[in-house]
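The next block holds one structure in the form of structure tokens; read it before the comments.
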């Protein structure tokens, strides 16, 4: 799938919706800047599923160099990462 | 309450291996003969350190004539494993038999289900040409990010290609490969039941607590004599018990995928001696600072490592659970 130009707020909304349905905790607890790994919302399987979701939903390809905490640590970070990838 | 010992690099080392061995052997004998009311032990032997120590302990507990060693190679097994397992059985005077499980696995379509998923990631993959393995991407054991898995295929010249594994393919490859451990468990129980023996489980403490085992596979057993021992301690026992040196010196592998792969590469991401010390610090309530100072690390990195350990323990809890049955009449 080719990268699709998509605006930042739509990306954030989609990422947020996905995270909210993927975690097994009270959705109210997750803010856009919550640290999803440090606060234990997303575990290893959750992370694998998240990367797969981002690749399928936004048509991006995650490389080894992308696997950094700052790209995935929160809904905001993920949305910014997807934004940068879809612009490439 | 006893004073906690200051954290040190040698904190896990057993001071008196002989006493520990005698204690384990005595309890193993009592558990199997008196609690389980069974007459001996069946041990799956892979030529690895853990199963070797379990076989040696069983031979001491029940006498070699009441122990049955079983080698269960399959298409992807390293032939070296069988050679070492035979040497081990000979050393301890235990009968060893071989049960080839390739055809059973083919019956489950273990290989075709696995290869179908591999092919979706690498269209050029042909199991007759390429070997394959799953590994952990180094997202940083000392960061808060969980690991992510990669798939590697290796051509006959040794050239490797690697890709991050999508969730669906990861799950399918793991689920298909788990037929191997579950088939071995079935075979062990066949022999155990036909001899009225117990199945000796071989996982060590890390495998148990970090969830590096297959539920109802290698996690399926009657007793686990080394289930509470760190790998460093397992090696100490191996030396004391006289496990053949080639087994002691062999790098622990998964022996699950067709390409060679170490346990460190697949799961632990740290050499066992370091993993042992960090895990000990974590589970015994040492602060990241106490551990970091001794290990020459930063407090922040050790704190992240401990968070990872906590996550691993939490996310693998279901593997250690018995089926939940308190639905009615509690």
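The values are calculated or read from the model by the stated rules, or taken from the named source; none is laboratory data. None of these values were measured; they are calculated from a predicted model. Cβ atoms come from the backbone with ideal geometry, glycine included; neighbour counts cover every protein chain shown.
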Does region B:29-40 contain at least one residue that is in contact with a helix residue (DSSP H, G or I) (Cβ under 9 Å, 6 or more places away or on another chain) and modelled with pLDDT under 95? no
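Answer yes or no as to whether residue A:11 is more than 25 Å from residue B:315 (Cα to Cα) and within 12 Å of the chain's Cα centre (by Cα). Let's see the steps before the verdict.
Numbers: more than 25 Å from residue B:315 (Cα to Cα): yes; within 12 Å of the chain's Cα centre (by Cα): yes.
When the stated conditions are applied, residue A:11 passes them.
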Filter pass, residue A:73 being within 14 Å of another protein chain (Cβ to nearest Cβ), under 12 Å from the mean Cα position of the chain (by Cα) and surrounded by fewer than 20 Cβ atoms within 10 Å (Cβ to Cβ): no
Assuming residue A:12 fulfils every condition listed in (1) within 14 Å of chain B (Cβ to nearest Cβ); (2) touching a residue at least 60 places away in the same chain (Cβ under 8 Å) apart from one, which condition is it? (1)
Quick check on my filter: what residues within region B:302-325 are away from chain A (no Cβ under 14 Å) and part of a helix (DSSP H, G or I)? B:302, B:320
Of the conditions (1) at pLDDT 95 or above; (2) closer than 30 Å to residue B:257 by Cβ; (3) in contact with a strand residue (DSSP E or B) (Cβ under 7 Å, 6 or more places away or on another chain), residue B:102 fails just one. Which one is it? (3)
Scan the strands (runs of 3 or more DSSP E) fully inside region B:1-113 and keep the ones with 2 or more residues being surrounded by 21 or more Cβ atoms within 10 Å (Cβ to Cβ) and at negative phi. B:41-44, B:67-71
Could you go through region A:52-59 and let me know if any residue there is in a loop (DSSP other than H, G, I, E, B), over 30 Å from residue B:318 (Cβ atoms) and at pLDDT 90 or above. yes
If residue B:256 meets every condition in (1) touching a helix residue (DSSP H, G or I) at 6+ places or on another chain (Cβ under 9 Å); (2) in a helix (DSSP H, G or I); (3) surrounded by 17 or more Cβ atoms within 10 Å (Cβ to Cβ) apart from one, which number is that one? (2)
In region A:67-84, the residues that are modelled with pLDDT of 90 or more and out of contact with any helix residue (DSSP H, G or I) (no Cβ under 7 Å at 6 or more places or on another chain): A:73, A:74, A:76, A:80, A:84
Mind listing just one residue for me: the one in region A:21-37 that is outside any loop (DSSP other than H, G, I, E, B) and in contact with a helix residue (DSSP H, G or I) (Cβ under 7 Å, 6 or more places away or on another chain) and, of those, farthest from residue A:68 (Cα to Cα)? A:27
